[in-house]
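Before any comments, here is the structure.
Nothing in this text is a laboratory measurement; each read-out follows from the coordinates by a stated rule. Bear in mind that the values here come from a model prediction, so they are computed numbers and not experimental data. Cβ placement follows ideal geometry from the backbone for every residue including glycine, while neighbour counts extend to all protein chains displayed.
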Amino acid sequence: MRPSVSDLQLPPPYSLVPLREAGDAFAHACAIAAEEGAGTLAWVRRYDLAEFAVVLEPEEPLEEARRAIYAGMNALADALAVHAPPSRPITFDWPDTIRVDGVLVGGARLGWPEGAREHEIPDWL
C-alpha cells in the first residue's frame, strides 16, 4: 500500500512538500530551500523506499554547519531502530551510508547554496 500525504504527520515548524513517485527529494529541496526556508520536508511518495530531504538554516559557518549530516544520520538510525528487530544491528559506513544487519538501506547527502564560502553562514543546508 502506498503511503498517502495524510499518513505523514509533522510537528510544527515542519511543512510537507510531497512529490510524485519519480521525484528527487534532494534536488527539489535544494531548488526551493531559499524560498521555503527551514523545516521544509520534501518527500517522494515511492513504493520501494523512503526518500526525503529537510531544509535547515544554520547559525554557523558552512565549515561547521556540515556537521548537521551526523545529527541527521543519528536521527535516521533512531527512526529505524524503532522498527527494526533488536537482533538487527544498525551501523554506519563512513561518512554517509546506513546499514541494517549489514544490508545497505540508505544514506545521506548534504547540499548548500552554490557559491557559499567556508567561513560564511550559508542561507540553507
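What ranking of 35, 51, 64 emerges when the number of other C-beta atoms within 10 Å of each C-beta is taken as an exposure proxy, fewest first?
The most exposed by this proxy come first: 35, 64, 51.
Farthest toward the dipole's positive end in the chain, which of 50, 30, 17, given Cβ charges of +1 (Lys, Arg) and -1 (Asp, Glu) about the Cα centre?
Of the candidates, 50 comes out farthest on the positive side.
Averaged over every viewing direction, what's the projected area of the C-alpha convex hull for the chain? Give it in nm², one decimal, please.
8.5 nm²
Compute, for segment 67-109, the length of the dipole vector about the Cα centre, with Cβ point charges of +1 (Lys, Arg) and -1 (Asp, Glu) only. Units Debye, rounded to 20. Display every interim value, and only then the final one.
Values: 4 positive and 4 negative charges, 13 e Å.
Once rounded to the nearest 20, the dipole reads 60 debye.
For the chain, what proportion of DSSP beta bridges, expressed in % and rounded to the nearest 5, is antiparallel?
Approximately 70 percent, going by the DSSP bridge assignments.
Given Cβ point charges of +1 (Lys, Arg) and -1 (Asp, Glu) and nothing else, what value in debye, to the nearest 20, does the dipole of the chain about its Cα centre take?
So the magnitude is around 620 debye.
Given 37 °C and 0.692 mPa s, how large is the Stokes-Einstein diffusion coefficient of segment 68-125 in µm²/s, with Rh as the Kirkwood radius over Cα pairs? Show your work: numbers first, answer last.
On the way: Rh = 12.9 Å.
Answer from the Stokes-Einstein relation: 254 µm²/s.
Count neighbours as other Cβ atoms within 10 Å of each site's Cβ, and list the chymotrypsin sites (Phe, Trp or Tyr not before Pro) in segment 11-75 that are DSSP loop with at most 12 such neighbours.
Filter output for segment 11-75: 47.
Computed FRET efficiency, Cβ-Cβ of residue 79 and residue 117, R0 35 Å: what is it to the nearest 0.05?
My answer for the efficiency is 0.60.
Residue 24: net charge of surrounding residues, Cβ under 14 Å, Lys/Arg +1, Asp/Glu -1, itself excluded?
Numbers: positive: 20, 45, 46, 109; negative: 21, 51.
Net local charge, residue 24 excluded: +2.
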